[in-house]
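Asks: Structure provided below as structure tokens; questions to follow.
The values are calculated or read from the model by the stated rules, or taken from the named source; none is laboratory data. Source: prediction; values computed, not measured. A quick note on method: Cβ atoms are made from the backbone with ideal geometry, for glycine too, and the neighbour counts reach across all protein chains shown.
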Amino acid sequence: MAEIRLSQARGRWILLATVLGSGVASLDATVVNVALPKLADDLSASMADLQWTVNAYTLTLAGLILLGGSLGDRFGRRRVFVIGVVWFATASVLCGAAPDVGTLIAARALQGVGGALLTPGSLAIIQASFDKDDRPRAVGAWSGLSGVAGAVGPFAGGWLVEAAGWRWVFLLNAPLAVIVVLVALRHVPETRDPDATGRFDIAGAVLAALTLAGTTYALTEAPSKGAGSGVMVAAVVGIGSAVGFVLVERWLGRGNGNGKRPQPMLPLTMFANREFSAVNAVTFVVYGGMGVMFFLFVLNLQVVSGFSPIAAGTALLPVTALMLLLSPRAGGLAQRIGPRRPMTVGLVLAALGMALVSRVGEHASYWRDVLPGVVVFGLGLSAMVAPLTATVLASADVRHAGIASGVNNAVARAAGLLAVAAIPPLVGLTGDAYRNPAKFADGFRSAMLICAGMLLAGAVLTLFTVRDDVLKTAPPEQEPECHMHCAVGAPPLERERSAVPAGAAAEPGPAGAAGGPAGPVDTGGG
């Protein structure tokens, strides 16, 4: 059993490595949005190119994050974490040196692969390394320090764009990664799941990635290219891969008892639980709308309202602060009265915040026009995220708590990916729309109202499908240990409680995890 204490120097080094490692990945997604207008001007990018700059990263991350958790459990969490950090940093340097937008998009896809390797390992290392009595405090410290990083990130990103140029948003990852790797190799113990055996569900991972890639390409490129052969091929590949994924996962789920088949990446039997299916439907609708808001909002502030990169980057800071302050309280309230009312009220408030934000246009004042909508949106998000995560975990069998959380996280990321591909072209944000403030303002307003409608649809779904007694009857060990402050890209990931150092006997606990049946995926999406 792990015996490292938080009070020990080694414990503090482990905390530093995991906070910096997960912070590099989560902050990159935040600051890239701030850099988009300058990046577009420098590389002569179209609106579709900007969508791909964001979506290429999300696509590979969403498609491979479950597999990344399983790789860590099998081959060592520190090893895969370090490989992911090095991979991410190398791809970041390629992004910063990209001579054209096509190279940038390809490098962003490689960044997503690195993120899928390092993201699952961050919290898993903490849980597997610390003495069980210190784990809650270590997780709390990790979450709090990540909150500080989340608050500083947009400000720092805006400053970098203004002072040094957009390329340094990516290049800064390299020296941070060097620190993470050196600290991890010297101070972080290697841990793995001794029960992680059998073959990987490679077919499922490939089909999932092809589903997202084909569908995203068709949605993004159809408005400019029409139903040409390339778009049609992409659509067919996306739909066909989705059907193939379901068939493969169903076949693997039946098993044959002799270990010849891999464990399914996504056990479809989990969706037989009505509550689990319902809360994932809510997640898909809600995080799709949120993904579009976070993509377009910072762009609108710079293109239409004339905000500087640093002012636009810090505009959403109240959302981070409110979630950091209120999310744990919302989780406790949901445990007492049930999740339905906090989630429903939270989604209605968030939708109202989006509607208020839709009014942000030319010559907008931050205090008068931006802040009220951002605060209302942040209050709604704070009320919704922790109850949603707790409901996902409570609706699944305790053995599958980690898998349930990983599936929910992947659903959220896929929703944001597809919504960012589909909604901007739907409202006319194509071609060089970001160079035309009046056209962009009209499209932004329509997009925000559509997204507000999606959140209201999520509130209605919650009201009629989520039961209050799910949390009231759930055993304490199914509550999420980490109510991450920054769960705006996806709900926080939860892990099993049985992670132990390599060679040690496993403690009793759920066998499943978000990385697949072999083990956990463990951190918040940021």
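Asks: Check whether at least one residue in the stretch 40-52 is at pLDDT below 85, out of contact with any strand residue (DSSP E or B) (no Cβ under 8 Å at 6 or more places or on another chain) and not in a helix (DSSP H, G or I), and report yes or no.
Replies: no
Asks: On to the next question. Since Gln302 meets every condition but one in (1) assigned to a helix (DSSP H, G or I); (2) within 19 Å of Val376 (Cα to Cα), which condition does it not meet?
Replies: (2)
Asks: Has the stretch 430-440 got at least one residue that is in contact with a Ser or Thr (Cβ under 8 Å, 6 or more places away or on another chain), modelled with pLDDT of 85 or more and assigned to a helix (DSSP H, G or I)?
Replies: no
Asks: Would you confirm whether any residue within the stretch 190-206 is closer than 20 Å to Leu36 by Cα, surrounded by 24 or more Cβ atoms within 10 Å (Cβ to Cβ) and at pLDDT below 80?
Replies: No; the residues of the stretch 190-206 include none that is closer than 20 Å to Leu36 by Cα, surrounded by 24 or more Cβ atoms within 10 Å (Cβ to Cβ) and at pLDDT below 80.
Asks: Pairs only if they're at least six apart or on different chains, beta carbon under 9 angstrom, first in the stretch 326-350 and under 21 Å from Ala278 (Cβ atoms) and in contact (Cβ under 8 Å) with a residue 40 or more places away in the chain, second among the aromatic types (Phe, Trp, Tyr) and in a helix (DSSP H, G or I); list them, first residue then second.
Replies: Within 9 Å, the pairs are Ala350/Phe377.
Asks: Next up: Evaluate the stretch 452-474: report whether one residue or more is modelled with pLDDT under 95, closer than 30 Å to Val304 by Cα, touching a Ser or Thr at 6+ places or on another chain (Cβ under 9 Å) and of a type in the set (Ser, Thr, Tyr).
Replies: Taking every residue of the stretch 452-474 in turn, none turns out to be modelled with pLDDT under 95, closer than 30 Å to Val304 by Cα, touching a Ser or Thr at 6+ places or on another chain (Cβ under 9 Å) and of a type in the set (Ser, Thr, Tyr).
Asks: Condition first: within 23 Å of Asp442 (Cβ to Cβ) and not hydrophobic (A, V, I, L, M, F, W, C). Now tell me which residues in the stretch 348-382 satisfy that.
Replies: Gly353, Ser358, Arg359, Gly361, Glu362, His363, Ser365, Tyr366, Arg368, Asp369, Pro372, Gly373
Asks: Please go through the stretch 12-28 and pick out each residue that is of a type in the set (Gly, Ala, Ser) and surrounded by fewer than 21 Cβ atoms within 10 Å (Cβ to Cβ).
Replies: Residues satisfying the conditions do not exist here.
Asks: Would the stretch 356-371 turn up any residue that is closer than 25 Å to Ala278 by Cα and either free of Cβ contacts under 8 Å to residues at least 40 places away in the same chain or not assigned by TED's automatic domain parsing to the domain that holds Ala447 (or both)?
Replies: Looking for residues that are closer than 25 Å to Ala278 by Cα and either free of Cβ contacts under 8 Å to residues at least 40 places away in the same chain or not assigned by TED's automatic domain parsing to the domain that holds Ala447 (or both), one finds none in the stretch 356-371, hence no.
Asks: Okay, next question. Give all pairs with beta carbons closer than 8 Å in which a residue from the stretch 152-170 that is farther than 20 Å from Val101 by Cα meets a residue that is among the β-branched types (Val, Ile, Thr) and not in a helix (DSSP H, G or I); count only pairs at least 6 apart in sequence or on separate chains.
Replies: Pro154/Thr314; Phe155/Thr314; Gly158/Thr314
Asks: Let me ask something else. Before we move on, is Ser22 modelled with pLDDT under 85, over 18 Å from Ala422 (Cα atoms), in the same structural domain as Gly114 (by TED's automatic domain parsing) and touching a Cys at 6+ places or on another chain (Cβ under 9 Å)?
Replies: Criteria not met by Ser22.
Asks: Pick from the stretch 434-451 the residues that are aliphatic (A, V, I, L, M) and surrounded by 24 or more Cβ atoms within 10 Å (Cβ to Cβ): which of them is farthest from Gly338 (Cα to Cα)?
Replies: Selected residue: Ala447.
Asks: Can you tell me which of Val392, Val385 is hydrophobic (A, V, I, L, M, F, W, C), within 15 Å of the chain's Cα centre (by Cα) and modelled with pLDDT under 90?
Replies: Selected residue: Val385, the only one of Val392, Val385 that is hydrophobic (A, V, I, L, M, F, W, C), within 15 Å of the chain's Cα centre (by Cα) and modelled with pLDDT under 90.
Asks: Can you find even one residue in the stretch 98-105 that is under 26 Å from Val31 (Cα atoms) and under 22 Å from the mean Cα position of the chain (by Cα)?
Replies: Yes: one or more hits.
Asks: Let me ask another. For the stretch 4-18, check the following and say yes or no: at least one residue is under 24 Å from Ala410 (Cβ atoms) and modelled with pLDDT of 85 or more.
Replies: Yes: the stretch 4-18 contains one or more residues that are under 24 Å from Ala410 (Cβ atoms) and modelled with pLDDT of 85 or more.
Asks: Limited to the stretch 152-189, what total is found for residues that are surrounded by fewer than 23 Cβ atoms within 10 Å (Cβ to Cβ) and over 21 Å from Tyr57 (Cα atoms)?
Replies: Matching residues across the stretch 152-189 total 15.
Asks: Within 19 Å of the chain's Cα centre (by Cα), buried (at least 24 other Cβ atoms within 10 Å of the Cβ) and modelled with pLDDT of 80 or more, is that true of Ser405?
Replies: Here the answer is no, as Ser405 does not meet what is asked.
So that you can scan it fast, the table gives a plain yes or no per residue for (1) among the aromatic types (Phe, Trp, Tyr); (2) under 19 Å from the mean Cα position of the chain (by Cα); (3) at pLDDT below 95; (4) in a helix (DSSP H, G or I):
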| residue | (1), (2), (3), (4) |
| --- | --- |
| Thr90 | no, no, no, yes |
| Ala107 | no, yes, no, yes |
| Ala128 | no, no, yes, yes |
| Val139 | no, yes, yes, yes |
| Pro154 | no, yes, yes, yes |
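Asks: Further question on the same structure: Which one of Phe245, Phe271, Phe284 is at pLDDT below 90, in the same structural domain as Gly453 (by TED's automatic domain parsing) and assigned to a helix (DSSP H, G or I)?
Replies: Phe271
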